[in-house]
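Remarks on the structure that follows.
The values are calculated or read from the model by the stated rules, or taken from the named source; none is laboratory data. All values reported here derive from a predicted model rather than from experimental measurement. So basically every Cβ, Gly included, is an ideal-geometry build from the backbone, and we count neighbours across all protein chains shown.
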Amino acid sequence: MIGVQSFGGGSATLYLIRRVSVDRRAWLSDEEFTRYWGICQIAPGINILGLVSLIGWRVAGAPGAILSLIGLLMPSASITIAITSIYSIIRDVPIVRRGIAGVVPATVGLGLLLSFTMVRPLLSAAQRDGALSTAVAAMLLLASTIINAVTKTPVLAIIWGAGAFSGFTKWGLAARRKSSQ
C-alpha cells in the first residue's frame with residue numbers, strides 16, 4: 001500500500017513507511033526506525049530502498065526484503081509512468097499548473113511532520129543518557145542544519161562528521177563514568 005500512496009517524494013514516503021512500521025504494525029520502535037534510517041543515510045544509493053529492505057529483512061528475512069522492494073517500487077513506478085504521460089498532455093492547462101503549485105507546500109508540511117517524529121525518539125534516548133548526551137544531540141542537530149544550509153559541505157561529510165563526533169563524545173563520557181566508579 002505504501003507503493004501506491006507514496007506521492008510527494010522521499011519525505012512523504014518515509015513518513016508513510018514510519019507510520020506503518022512503527023505506529024500500525026509495531027515492527028520497529030521509534031528508536032529502531034531512526035537508527036535504521038541513520039544507517040541508510042551513510043550508505044550510497046536510494047536510502048528509502050535501503051530502509052524498506054532492512055524492515056523487510058527484520059520482518060521476514062530475505063523474502064521479506066525482496067517483497068518489500070517489489071511492493072514499494074512496482075506500484076509507484078507504474079503510477080509515475082501513467083501520471084507522466086497524462087501530465088505531458090495537460091501540463092499547460094492553468095488549473096493543472098495551480099494545482100501543482102499546491103503540492104509543494106503539502107510535501108514540505110509532511111517533511112516537517114516527519115522531522116518532528118524522528119527528532120522526538122532521538123532526543124528521548126539522549127535524555128535517558130543524561131544532560132551531556134542531550135546537549136550533544138541538540139548541538140549536532142543544530143550544527144548539521146546550519147552547516148548544510150550555509151556551506152557547500154557534502155552531506156556525507158556532515159553525516160560522518162556528526163557520527164564521529166557523537167561516537168568520540170559518548171566514548172569519552174563512558175570512560176569518565178567508568179573511572180569515577
- Query: Does V119 meet the test of being at pLDDT below 90 and within 30 Å of R177 (Cα to Cα)?
  - Reply: yes
- Item | Scope the range 1-37; condition of a type outside the set (A, V, I, L, M), touching a residue at least 24 places away in the same chain (Cβ under 8 Å) and part of a helix (DSSP H, G or I); matching residues | G3, G10, S11, T13, Y15, R18, S21, D30, E31, F33, T34, W37
- Task: Working only within the range 165-179, note down all residues that are closer than 11 Å to L132 by Cα and among the aliphatic types (A, V, I, L, M).
- Result: L173
- Query: Considering the range 58-107 alone, what residues qualify as being free of Cβ contacts under 8 Å to residues at least 12 places away in the same chain and surrounded by 16 or more Cβ atoms within 10 Å (Cβ to Cβ)?
  - Reply: G64
- Across the range 71-104, what is the total count of residues that are under 23 Å from G50 (Cα atoms) and aliphatic (A, V, I, L, M)? 6
- Task: Could you please find all residues in the range 111-136 being over 17 Å from the mean Cα position of the chain (by Cα) and part of a helix (DSSP H, G or I)?
- Result: S124, A125, A126, Q127, R128, D129, A131, L132, S133, T134, A135, V136
- Task: Read through the list (1) more than 19 Å from the chain's Cα centre (by Cα); (2) part of a helix (DSSP H, G or I); (3) over 24 Å from L16 (Cα atoms); (4) of a type outside the set (A, V, I, L, M, F, W, C), then give the number of the only condition that D92 fails.
- Result: (2)
- Message: Going residue by residue through the range 160-177, is there one that turns out to be surrounded by 14 or more Cβ atoms within 10 Å (Cβ to Cβ), part of a helix (DSSP H, G or I), β-branched (V, I, T) and touching a residue at least 60 places away in the same chain (Cβ under 8 Å)?
- Response: no
